[in-house]
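Beneath this line is the structure, given in structure tokens, with notes to follow.
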Amino acid sequence: MKVPIQKLTDLGLGVFNWVDDRLHVKKIWESTAGHHVPQSAGSWFYVFGSATLLCFMLQLVTGIMLALVYVPSADEAYATLEYLTYHQQLGWFLRAMHYWGSDFMVGIMLLHMTQVYLFGAYKYPREITWLSGLALLVCTLGLAFTGQVMRFDEDAYWGLGIGASIMGRVPFIGQQLVDFMLGGQIIASETLSRFFALHVFVLPGAVIALVSLHLRMVLTKGINEYPVPGMLVRRETYDKEYAAILKKEGVPFFPKAIDKDIITSAFVIGGIVACAFFFGPKGPGGPADPLQINANPRPDFWFLWIFSIAALMPAEIETFALLVGPAVVGLILVALPFLNGTGEKSWRRRPVAVIVTLLVWISLGILTYLGTTSPWSPVMNAWSAEVTPDAQILHRTPLQLQGAITLQYKQCRNCHAIEGLGGERGPSLSDVGMRLTKPQLVRQVVQGGGNMPAYGQNLSPSEVEALVAYMITLRAEGVPPARDVTLSRNTKN
Amino acid sequence: MNQESDQAPITDAPCACSPSTPCEDPKKKTRREFMLALGLGLNAIAGAAVGIPLLGYVFSSFLKPHELDWVILGSVEKFPEGKTRLGNYKNPFHRSWDGSTADIPCWVRRIKGNEFQVFAINCAHLGCPVRWFEESKLFMCPCHGGAYYEDGERAAGPPPRGLYTYEFKIDNGNLMILAGALPTLAQPNA
Amino acid sequence: MKKALFFTPVLALTLASCNPPGKPTLADKWKSPADVSGFTNLYAQNCLGCHGDGKSIAGSITLKNPLYLSIVSEDKLRSITAGGVPGHNMPALAIENGGSLSNEQIETIVKGLIAWRDVSKLPTAPIPPYSAPLGDVAAGKAAFSQSCASCHGNDGSGGPKAGSVVDKNYLNLVSDQYLRTVTIAGRPELGCPDFANRDPATPMTPASVANITAWLSSHRLNEFNQAPTSSPANK
């Protein structure tokens with residue numbers, strides 16, 4: 001049979017022309033994908049925006065998949081989570097994709113923001129691009145937090161409690177804000193429904209709207225040219241200069257400048273799939289059952305730094321810092337394109353910008369690391385579970401051995417480690433006998449202080465004696481016990 | 001829409017009569033303006049009719065009074081004197097679809113006789129569940145390391161105050177507490 | 001083309017049969033602390049810190065001491081595990097006593113300890129019973145100087161190889177039963193032999209164990225350095 005190729009081509013072309021005539025597909029394509037960008041913008045540094053968008057689209061798909069099974073009811077959410085994870089065919093993989101997709105999305109978005117800041121892309125005339133980006137950041141972090149609530153395990157439950165506790169610190173309307181956030185006076189079914197609505201309707205909708213605005217701005221005001229040190233932005237001349245750049249070296253985004261975005265997108269998807277495949281989904285941990293008081297709640301990765309800040313901040317400034325801090329940071333970010341909207345774009349000539357960026361990333365890194373180890377948290381079962389190395393038990397008197405038992409029994413090791421075993425809230429006791437004299441040890445144990453509770457009420461005199469007698473023996477071999485230098489000087493005089 | 005406004009500046013322009021743009025019929029103009037004002041006004045009313053109930057629905061927490069109710073923790077005898085034990089109760093305002101979130105734990109310290117202290121499980125710092133350690137007579141928080149003494153006073157760590165307490169009463173040999181809300185710093189007397 | 005036809009099903013099979021490392025199995029499922037079972041787990045979480053397990057040594061007597069396990073009854077183990085030793089540094093582990101373990105978990109621990117019993121390692125001499133009334137103080141002093149003085153000193157206040165066992169603070173922290181148990185079972189992991197091996201030629205008799213316990217207990221003093229009216233073990 002002879003295929004009438006010519007006829008088929010004509011038919012196809014006819015259909016296309018008809019559709020194009022009605023929908024103006026060609027025109028729309030040319031003015032969007034085909035819009036001209038400076039050739040210098042086809043750089044590896046310019047791939048993060050599209051990669052973030054890609055993550056979002058992936059989240060939409062995997063999210064819809066999960067919603068096919070998930071039930072947003074306090075009574076059943078956890079059961080459907082377990083069903084998804086352990087029984088539904090490939091449910092674990094979809095959950096893992098959604099979990100890692102969100103981690104990737106936040107991470108890449110932060111990279112995008114860093115790049116935009118360092119390349120001065122927020123300056124004139126792209127203020128609204130920057131502002132819509134900030135709104136997207138807020139929405140994305142909101143999606144990440146509400147997504148953690150969807151898991152409705154103990155981390156979700158107590159995470160909501162933390163959010164409510166922060167709200168409760170707001171003056172005057174704290175109570176109303178707590179009730180507003182929880183959809184009631186306590187964390188319960190309405191809380192989950194509320195966060196579900198945010199996570200699947202409100203926030204994704206807001207992101208789609210904001211992305212549209214964000215991309216619209218890219219089309220109207222153009223993509224930032226690769227900054228050249230010394231080329232300053234002036235409000236009066238920039239538009240003309242940008243037009244000149246486009247005229248001289250402008251290329252259509254598709255197909256001339258999209259190559260690196262496409263390569264990146266493959267790697268991003270590959271990365272998410274690989275993480276999902278190799279590391280799987282997170283949790284669910286214990287159920288959102290408040291009676292399960294052995295919970296050890298930890299936030300998801302991108303909120304660990306907040307968890308650390310909450311632990312490390314002095315109690316006196318905490319309320320102020322928790323409420324005013326985010327407002328100040330937000331204000332600075334919003335004001336940035338207006339206060340610093342012109343001048344040098346290249347990071348090579350903006351040392352302050354580089355230092356600020358480095359400081360922010362290093363702080364976030366350190367805080368996140370601390371959040372994963374959380375040295376400030378007592379190790380709740382250290383007292384009954386952690387062993388003591390033989391060297392710290394052998395050759396002790398019966399009294400000192402009773403001190404060793406008292407040290408366990410009174411839960412000292414929940415906060416104090418011996419040879420690395422135990423809590424890290426307080427200093428290690430491995431060499432405490434070299435640091436503190438007997439009177440100092442007695443004082444510290446009985447009166448507490450320096451963030452240690454006073455044990456005076458809970459220790460009998462004999463327990464104090466035994467405990468201190470034992471702790472004095474905790475020192476490196478051959479090292480004498482600590483002695484009071486002021487006392488020895490006094491005796492000389 | 002853009003195209004329209006680009007192409008038809010004359011008809012849509014407010015009637016600023018200039019030599020180059022011919023004026024509309026003044027009668028026609030006032031009618032048009034009236035219709036527009038009427039339309040906007042009607043929509044404002046319609047918007048309020050939709051918007052006010054909507055806002056009232058979403059922000060109901062700002063209008064509703066904060067309420068608590070008495071719940072039974074169990075017979076007084078359940079709690080040995082001089083000890084602190086975990087109690088639990090059903091949230092008085094729970095819904096049938098609350099699942100496990102309807103059951104709320106609390107720490108009950110029976111000092112002696114009918115002298116009690118009933119503490120919320122939530123740390124005063126950021127609401128994590130504190131755990132009681134009988135041996136060292138301390139409550140410890142797993143999140144940021146807050147610690148409290150037996151009587152609920154802050155012992156160490158970031159909490160800005162002692163543990164929240166419930167109001168209690170003894171009724172017919174039963175220990176009852178006034179409960180139904182997540183304790184936060186917004187409640188000064190808890 | 002033929003190769004591809006052959007390899008596609010093979011590839012599909014490998015992919016299907018391979019177990020993705022990220023795929024959670026039912027074993028990864030969260031377990032309530034109340035559902036933790038198995039003696040090894042429970043012992044490691046609740047007992048190891050103070051008692052050690054024979055391999056690691058700790059402040060208190062190791063529970064893997066065959067002599068100790070042979071004299072203590074299963075009921076006694078159960079009541080101590082569940083209810084602790086009030087007034088001394090052994091916590092109550094049962095939920096109804098303020099601990100965190102269910103009755104089944106207590107049972108697992110008790111049964112696990114019983115399973116550690118090893119009759120093959122017991123001395124041949126007649127083993128004194130777990131509990132007995134305190135003996136004669138004066139006779140206890142004599143028995144002490146014969147069996148214990150070489151390490152703890154003639155008056156018990158410490159010698160070349162071991163510290164004081166008559167220290168008032170030490171005695172305040174231990175019960176008479178603890179003194180008796182250690183007199184019988186020793187602390188072999190720390191170098192203190194059991195009743196039969198302090199002098200292998202003449203093992204201690206049940207009577208001298210009771211007497212030594214009485215003598216040690218007679219050194220108890222209250223915070224005003226006076227002999228207490230009643231033994232703290234009974235408080």
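Dipole magnitude for chain C: about 860 debye, using +1 per Lys or Arg Cβ and -1 per Asp or Glu Cβ, origin at the Cα centre.
Rounded to the nearest 10 degrees, what's the angle between the helix A:203-221 long axis and the longest principal axis of chain A, both from Cα atoms, 0 to 90? Here the helix axis deviates by roughly 50 degrees.
Rounded to the nearest 20, the Cβ-based charge dipole of the stretch C:137-234 about its Cα centre (Lys and Arg +1, Asp and Glu -1) stands at 60 debye. The modelled label-to-label distance between residue C:117 and residue A:340, using points 7 Å beyond Cα along the C-beta direction, is 7.7 nm. Pairs B:90/B:112; A:240/A:345; C:76/C:111; B:83/C:31; B:64/B:169; A:410/C:161: which are spaced more than 20 Å apart, C-alpha to C-alpha? Correct reply: B:90/B:112; B:83/C:31; B:64/B:169; A:410/C:161. Shown for the stretch A:326-448 is the translational diffusion coefficient from the Stokes-Einstein equation, using the Kirkwood radius over Cα pairs, a temperature of 10 °C and a viscosity of 1.306 mPa s: 85 µm²/s.
Modelled label positions at residue A:248 and residue A:428, each set 7 Å beyond Cα in the direction of Cβ, lie 6.1 nm from each other.
Only helices enter the 222 nm calculation for chain A: every DSSP H run of n ≥ 4 contributes -39,500 (n - 2.57), and dividing by all residues gives -19500 deg cm²/dmol, rounded to 500. With a 10 Å cut-off around each Cβ of A:8-20, the average count of Cβ atoms from other chains is 0. Note on the protein assembly as shown: with charges restricted to the Cβ of Lys and Arg (+1) and Asp and Glu (-1), its dipole about the Cα centre is near 1760 debye.
Partner shielding of B:175-187 amounts to 6, given as the average count of beta-carbon atoms from other chains within 10 Å of each residue beta-carbon.
Note: relative contact order over chain A, using C-alpha pairs below 8 Å and six or more positions apart, is 18 percent. Other protein chain C-beta atoms within 10 Å of residue C-beta, averaged over C:148-154: 0. Kirkwood analysis of chain B, using all unique Cα-Cα pairs, places the hydrodynamic radius at 21.9 Å.
The calculated P(r) of chain A, using every Cα pair and 20 Å bins from 0, goes 17, 39, 30, 11, 2, 0 in percent. In vacuo Debye scattering of the stretch A:286-359, one point per C-alpha: log10 I(q)/I(0) at q = 0.23 Å⁻¹? Relative scattering, expressed as log10 I(q)/I(0), comes to -1.14. As a proxy for reagent exposure, C:42, A:94, A:359, B:163 were ordered by neighbouring Cβ count within 10 angstrom, fewest first; the result is A:359, C:42, A:94, B:163. With Cα atoms as the point set, chain C shows a radius of gyration and Dmax of 25.8, 101 Å.
Comparing B:124, B:146, B:165 along the charge dipole axis of chain B, the residue lying farthest to the positive side is B:165, per the Cβ-charge model. One chain, two ends: residue B:100 and residue B:33. Fully extended at 0.36 nm per residue, the span grows by 18.1 nm beyond their Cα-Cα distance. PRE reach from residue C:32 (point 7 Å along Cα→Cβ): which of the stretch B:169-185 fall under 16 Å by backbone N? What the label zone holds, given the 16 Å backbone N cut-off, is no residue at all.
Rg over Rh for the stretch A:238-353 works out to 1.13, both radii taken from alpha-carbon positions and Rh defined as the Kirkwood radius. With only the Cα atoms considered, the protein assembly as shown has a convex hull volume of 294 Å³ per residue. Per-residue Cβ neighbour counts within 10 Å put A:437, B:84, B:165 in the sequence A:437, B:165, B:84, beginning with the fewest. Which whole-number percentage describes the relative contact order of the stretch A:174-315, with Cα contacts under 8 Å and a sequence gap of 6 or more? After rounding, I find 6 percent. Sorting A:7, A:123 from the fewest to the most surrounding beta carbons within 10 angstrom yields A:7, A:123.
Taking each residue as 0.36 nm, the span from residue A:476 to residue A:312 lengthens on full extension beyond its C-alpha to C-alpha distance by 56.0 nm. Relative to the longest principal axis of the Cα atoms of chain C, the long axis of helix C:206-217 makes an angle of roughly 80 degrees.
Projecting the Cα atoms of B:106, B:79, B:92 onto the dipole axis of the stretch B:59-153, where Lys and Arg carry +1 and Asp and Glu carry -1 at the beta carbon, places B:92 farthest toward the positive end. Label positions at residue A:366 and residue A:239, each projected 7 Å from the Cα along the C-beta direction, are separated by 4.6 nm.
Using the rule -39500 (n - 2.57) for each DSSP H run of four or more residues, divided by the residues of chain B, the 222 nm mean residue ellipticity is -7500 deg cm²/dmol. Between helix B:26-58 and chain B there is an angle of about 10 degrees, using the helix long axis and the longest principal axis of the Cα atoms.
Computed from the coordinates by the stated procedures, all read-outs in this text should not be read as laboratory data. Small disclaimer: the values here were computed from a predicted structure and weren't measured. Every residue, glycine among them, receives a Cβ derived from its backbone with ideal geometry; neighbour counts consider all protein chains shown.
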